[in-house]
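Trainee: This is the structure I have questions about; it appears just below.
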Amino acid sequence: MNLLKYLQAQGIGTRKECAWLIKNDLVEINQIICNNEKTEVQPENVQTLHIDGEEAIVIPLPYFYILLNKPANYETSHKPRDYPSIFSLLPDQVRATDIQAIGRLDADTTGVLLITNDGQFNHRMTSPKYKISKIYRVTLKHAADETLCSSLKNGVLLHDDNETVAAQEAILRDEYTLILTINEGKYHQVKRMVAAAGNRVVHLNRERFDNWDTQDLEQGEWRFIQPE
Ligand code: URA
């Protein structure tokens, strides 16, 4: 792709802004000034990018994938109503690209949230057809025993839904902590399943989404990942 397109795809600015930066010798790739907007750029060969002397993030192109450890009180939306957007946890440069969250977490849910600009990958990860596992740590309101796990594994009828939904796995770590694995992503699914099984969710943390967990990230931190 040419330099102008590359800078736009990097979230550096509008076409006009990027053209101005290029013309004014303010763009350096791998420490070399690039001042011709038609120069061909191979994204995989870009190690560093400086704009007006400042180091920019080198966003993997054409597609990139982000793992965020979502804190509570952030909305999974570009147009949040009550809390800040989860996208506000990312640098402006990344937010200026065409990013979407892969599925949603409720504002009060914490843990693994994936973000991408790859629509096909997003579809593959969220479509029920592909049965991608998600593991949640659920803090329960009422002490539970094995009957809760059996109900969830056998399937519960969600309120306002005509079909039963079953957990892939349900294990009690202690009487107030349930580890629940599901492979769909229905609206408020975990809270609704636990309610349908006669208990209540006090706190919900997504520990794992497919192969990804947040072990190396504090809440609010993110990193690029490379799916297989
Ligand atoms: N299920 C829920 O109820 N809430 C979430 O945020 C995710 C799964």
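Just so it is clear, none of the values below were taken in a lab; they were calculated from the coordinates. Since we're looking at a predicted model, the values are computed, not measured. Every residue, glycine as well, gets a Cβ built from its backbone with ideal geometry; the counts of neighbours run over all protein chains shown.
Trainee: Using the count of nearby Cβ atoms within 10 Å as a rough guide to exposure, how do K70, K141, K16 rank from fewest to most?
Mentor: If I rank by nearby Cβ atoms, fewest first, I get K16, K141, K70.
Trainee: In segment 214-228, whose amide N lies under 15 Å from the spot 7 Å out along Cα-to-Cβ of T97? List them in ranges.
Mentor: Under 15 Å, as judged by backbone N against the label point of T97, lie 222-227 of segment 214-228.
Trainee: Assigning unit charges at the beta carbon (Lys, Arg +1; Asp, Glu -1) and nothing else, what dipole magnitude in debye, to the nearest 20, does segment 144-204 show about its Cα centre?
Mentor: Around 160 debye, computed over segment 144-204.
Trainee: Looking at this model, which pairs from K70/K131; K38/K70; K129/K191; K79/K134 are more than 32 angstrom apart at the alpha-carbon?
Mentor: Among K70/K131; K38/K70; K129/K191; K79/K134, the Cα-Cα distance tops 32 Å for K38/K70.
Trainee: Right, here's the next one. Taking the dipole about the Cα centre of segment 133-209, with the C-beta of Lys and Arg at +1 and of Asp and Glu at -1, give me whichever of V165, A197, L180 is farthest to the positive side.
Mentor: Towards the positive end, the residue furthest out is L180.
Trainee: Work out the length of the dipole vector of the chain about its Cα centre, built from +1 on the beta-carbon of each Lys and Arg and -1 on the beta-carbon of each Asp and Glu, and round it to the nearest 20 debye.
Mentor: Using Cβ point charges on Lys, Arg, Asp and Glu, the chain gives about 700 debye.
Trainee: Follow-up. Decide, for segment 1-65, between rounded, prolate and oblate: order the square roots of the alpha carbon gyration tensor eigenvalues as a ≥ b ≥ c, take rounded if a/c falls under 1.5, and otherwise choose prolate if a/b is larger than b/c, else oblate.
Mentor: rounded
Trainee: At q = 0.18, 0.21, 0.25 Å⁻¹, what base-10 log of I(q)/I(0) does the Debye formula yield for segment 42-87 when every alpha carbon is treated as an equal point scatterer in vacuo?
Mentor: Computed log10 I(q)/I(0) values: -0.76, -0.82, -0.88.
Trainee: Sorted from largest down, give the three principal axis spans of the alpha carbons of segment 133-209, whole angstrom values.
Mentor: Answer, in whole Å and largest first: 31, 25, 19 Å.
Trainee: Hey, another quick one. Tell me the label-point distance for the pair Y187, V58, using the 7 Å Cα-to-Cβ offset, in nm and rounded to one decimal.
Mentor: Distance between the two pseudo-spin positions: 4.4 nm.
Trainee: May I pose another question? So how do Y130, Y136, Y65, Y176 line up by other beta-carbon neighbours within 10 Å, fewest first?
Mentor: Y130, Y176, Y65, Y136
Trainee: Starting from the Kirkwood radius over alpha-carbon pairs of the chain, derive D by Stokes-Einstein at 37 °C in a medium of 0.692 mPa s and give it in µm² s⁻¹.
Mentor: 167 µm²/s
Trainee: Size of the dipole of segment 3-56 about the Cα centre, Lys and Arg at +1 and Asp and Glu at -1 on the beta carbon, nothing else charged, in debye to 20?
Mentor: Once rounded to the nearest 20, the dipole reads 300 debye.
Trainee: A further question follows. Using a 10 Å cut-off on Cβ atoms, rank the peptides 185-198, 82-95 from the highest mean neighbour count down.
Mentor: 185-198, 82-95
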